[in-house]
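Written below as structure tokens is the structure these notes are about.
The values are calculated or read from the model by the stated rules, or taken from the named source; none is laboratory data. Values in this document were obtained by computation on a predicted structure and should not be read as measured data. Quick reminder, even Gly has a Cβ in these numbers, built from the backbone with ideal geometry, and neighbours come from all protein chains shown. Protein only, heavy atoms only, side chains kept; ligands, DNA and RNA dropped before computing areas. Shrake-Rupley method; radii C 1.70, N 1.55, O 1.52, S 1.80 Å.
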Amino acid sequence: MGTTILSDLGTEILIPVCAIIGIGFALVQWVIVSKVTVSIDGKSSSSGAGADGKNGYAESLIEEEEGINDHSVVHKCAEIQNAIAEGATSFLFTEYQYVGVFMVAFAILIFLFLGSVEGFSTKSQACTYDSSKMCKPALATAVFSTISFLLGAVTSVISGFLGMKIATYANARTTLEARKGVGKAFIVAFRSGAVMGFLLAANGLLVLYIAINVFKLYYGDDWEGLFEAVTGYGLGGSSMALFGRVGGGIYTKAADVGADLVGKVERNIPEDDPRNPAVIADNVGDNVGDIAGMGSDLFGSYAESSCAALVVASISSFGVNHEFTAMLYPLLISSVGILVCLLTTLFATDFFEVEAVKEIEPALKKQLVISTVLMTIGIALVSWIALPSTFTIFNFGIQKEVQSWQLFLCVGVGLWAGLIIGFVTEYYTSNAYSPVQDVADSCRTGAATNIIFGLALGYKSVIIPIFAIAISIFVSFNFAAMYGIAVAALGMLSTIATGLAIDAYGPISDNAGGIAEMAGMSHRIRERTDALDAAGNTTAAIGKGFAIGSAALVSLALFGAFVSRAGISTVDVLTPKVFIGLLVGAMLPYWFSAMTMKSVGSAALKMVEEVRRQFNTIPGLMEGTAKPDYANCVKISTDASIKEMIPPGALVMLTPLIVGILFGVETLSGVLAGSLVSGVQIAISASNTGGAWDNAKKYIEAGASEHAKTLGPKGSDPHKAAVIGDTVGDPLKDTSGPSLNILIKLMAVESLVFAPFFATHGGLLFKMF
């Protein structure tokens, strides 16, 4: 089979070094951001190193462009930032208390189910794929799967929490820098996003690498058992992401819908007006939904694609012959990805400077292109030094011979499919192109035509991404079977640090605009933050496109690993067992979406009633002489989202268990296939419809072109129709759409982890007849 150029020692050094470089780079960016102080008395309003005003940055910030030297503006920014940070932290702590209980309960379930496969025996057993060899007992798999589940869950929670902390730290700093110019504000927001991106990518890689090495001390040469136990890491990551995404999504959209419907439509006051009681809850929501939820989500995708690739590799020639470097090829791709993203980030922050509003979106798009081009070179290099020239990959019972250049193409096709999905998403959701402008134009005749155009746009936007995913599946499977699909997913996620930086930039800019409005800053500054926010909306849609595309590939790879582990030779759609599973699986994303949409609706209803109550009962609120009760709105959003996130979460977590135990592995394989096929379509259309409605509204508000001016200004009938469209789209793009990609991944990884139990004890109903 041949040896690799990179030695095992080289691999053992390279992976942790790359991860540490990533963490170091994130800390450097954070220190630079912290030099922007959010107070005028030398004491920072925000915790953190370097934020104490000793750097001489404080004075220059006070000099506003119009010559106003208003210290109260900075003071207001500090106050608002504190309120947002406190709201976000208290919500996440409440959420994590509930999620912590679930985490412990599910860990016990994993141990009991997997331990019972061999009756909690401590004797060695025959290996699953090579019965001539002896492997560690099933009890060991139960113990180590439970540990890796908890590791993945904790890492996912930390990823989301750190992201939220960084975003709430950077929002007011971005607002203050907007007084110097749009370029300065852009760099602060982007650097802050990079902190989150690099911390998450590096932490995910480092924890997984350490777990593999620690588990190896026990497992020794039993790599099949070792990497089967590691799959718990992906399950832990995604199960936390599900609650983060659903809970955060319900929180943010309940507040957003409530603030928009009463504030903009009924009371005709601007977005983020401090008189609106729901305005703080709305800004908190951006951080807990779009930042903490997105962070956990992409961490889950990364963990699962790595686990899927490692499971398949462990029963291929890499694992059988104990080739350590080739075995860790997925981790080496991620390591090089961190270095590539580091270089790419410097293009936005150091090599080129954004000087005008029209340069913002191209600067973010260049990040995607540069990282993809550089990563292609990086993948070629890793494939050359870390893979033998020929090797075999496990393919449903037979070993398929593969060459190293074929694996390079598998990763490359995933990487470039991600870029295509990103650009198609941008075309359909950016107000620079005709699809969104057509949606905006349809507002002339009211909200109904706006809704019709928006839905049509979402459905149409599914076509090219699905072809891109289909082609990458076909190419990668033909070259390297299920392992090819797993590494194609990793290819799509290899530039995760840059993808997350771009994604986190959006909510930070959105918050910055809100803070500018609430602090009573000048119209020119609000225009700058709005321009940052509009670009951020499009990049958020691109980020969701990446997340959905990678989820499709990841869940297919996990599906392949599950089918192999459960001992199914073929999945025959014509057998009733499988077909009923397909039908039920295809229905699940609709059931899940119904739950999340209704949750947002009922939470928004409470919020609308509260905002109306405050406007009607607090004297002087509309005149600006009295302060609204922000805390009550924050409490409504928190309570509603915690209560409402449990049923959708239970649906996703319990379905594989119920189907596997009662109907067996064949029906479960049908459920997984059905949910994958329908879930991807709904997720893409929901995200893009919502993104298009949002940017159609912003297109009318900005009034940048002659066409947009004929539809505006704010408060006009077309603008009100656009606000209604945006409100309908909010739960689609920020709750249901992004949560669906977790549904399809999570059910697949959960089925893989429990596969030994289902194969041994599953299908109780069919055994009775």
Which residues, counting only those in region 124-140, are of a type outside the set (A, V, I, L, M, F, W, C) and touching a Gly at 6+ places or on another chain (Cβ under 6 Å)?
-> LYS136
Test for PRO713: is it assigned to a helix (DSSP H, G or I) and either open to solvent by 40 Å² or more (accessible area, probe 1.4 Å) or in contact (Cβ under 8 Å) with a residue 12 or more places away in the chain (or both) | no
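Could you tell me which of the residues VAL354, VAL402, VAL413, VAL382 is farther than 21 Å from ILE473 by Cβ, touching a Ser or Thr at 6+ places or on another chain (Cβ under 9 Å) and buried (at least 19 other Cβ atoms within 10 Å of the Cβ)?
Values: VAL354 fails: touching a Ser or Thr at 6+ places or on another chain (Cβ under 9 Å); VAL402 fails: farther than 21 Å from ILE473 by Cβ; VAL413 fails: farther than 21 Å from ILE473 by Cβ.
Every option except VAL382 fails the conditions.
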Here are some conditions: (1) under 30 Å from GLY715 (Cα atoms); (2) in a helix (DSSP H, G or I). LEU205 meets all but one. Which one does it not meet?
-> (1)
Test for LYS136: is it over 28 Å from LEU199 (Cα atoms) and open to solvent by 40 Å² or more (accessible area, probe 1.4 Å) | yes
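Need a quick list: helices (runs of 4 or more DSSP H) entirely within region 245-340 having at least 2 residues that are charged (D, E, K, R), modelled with pLDDT of 85 or more and open to solvent by less than 10 Å² (accessible area, probe 1.4 Å).
Details: elements: 279-285, 294-314, 317-320, 324-327.
In region 245-340, 294-314 are the helices (runs of 4 or more DSSP H) which contain 2 or more residues that are charged (D, E, K, R), modelled with pLDDT of 85 or more and open to solvent by less than 10 Å² (accessible area, probe 1.4 Å).
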Look at LEU553 and say whether it is crowded, with 24+ Cβ neighbours inside 10 Å, closer than 28 Å to ALA481 by Cβ, in contact (Cβ under 8 Å) with a residue 12 or more places away in the chain and out of contact with any Pro (no Cβ under 9 Å at 6 or more places or on another chain).
-> yes
Of everything in region 410-445 that's of a type in the set (D, E, K, R) and either closer than 19 Å to PRO362 by Cβ or in contact with a Pro (Cβ under 8 Å, 6 or more places away or on another chain) (or both), which residue is modelled with the lowest pLDDT?
-> GLU426
Taking THR344 as the residue in question, decide whether it is open to solvent by less than 10 Å² (accessible area, probe 1.4 Å), touching an Asp or Glu at 6+ places or on another chain (Cβ under 6 Å), of a type in the set (Ser, Thr, Tyr) and farther than 21 Å from ALA561 by Cβ.
-> no
Conditions (1) open to solvent by 70 Å² or more (accessible area, probe 1.4 Å); (2) modelled with pLDDT under 90; (3) in contact with a helix residue (DSSP H, G or I) (Cβ under 7 Å, 6 or more places away or on another chain): number failed by ALA547 = (1)
Check THR760 against each of (1) closer than 30 Å to SER148 by Cβ; (2) surrounded by 19 or more Cβ atoms within 10 Å (Cβ to Cβ) and name the one condition it does not meet.
-> (2)
Out of the residues in region 308-328 that are more than 14 Å from VAL382 (Cβ to Cβ) and among the small types (Gly, Ala, Ser), state the one that is nearest to the chain's Cα centre (by Cα).
-> ALA308
Report yes if some residue within region 605-621 is within 16 Å of VAL246 (Cα to Cα) and crowded, with 19+ Cβ neighbours inside 10 Å; otherwise report no.
-> no
Select from region 172-197 the residues that are buried (at least 24 other Cβ atoms within 10 Å of the Cβ) and either more than 21 Å from ASP297 (Cβ to Cβ) or acidic (Asp, Glu) (or both) and list them in ascending order.
-> ALA172, ARG173, THR174, THR175, LEU176, GLU177, ALA178, ARG179, ALA185, PHE186, VAL188, ARG191
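Would you check if ALA512 is farther than 30 Å from VAL749 by Cα, assigned to a helix (DSSP H, G or I) and at pLDDT 90 or above? Show your work before the answer.
Details: farther than 30 Å from VAL749 by Cα: yes; assigned to a helix (DSSP H, G or I): yes; at pLDDT 90 or above: yes.
So ALA512 fits the description; yes.
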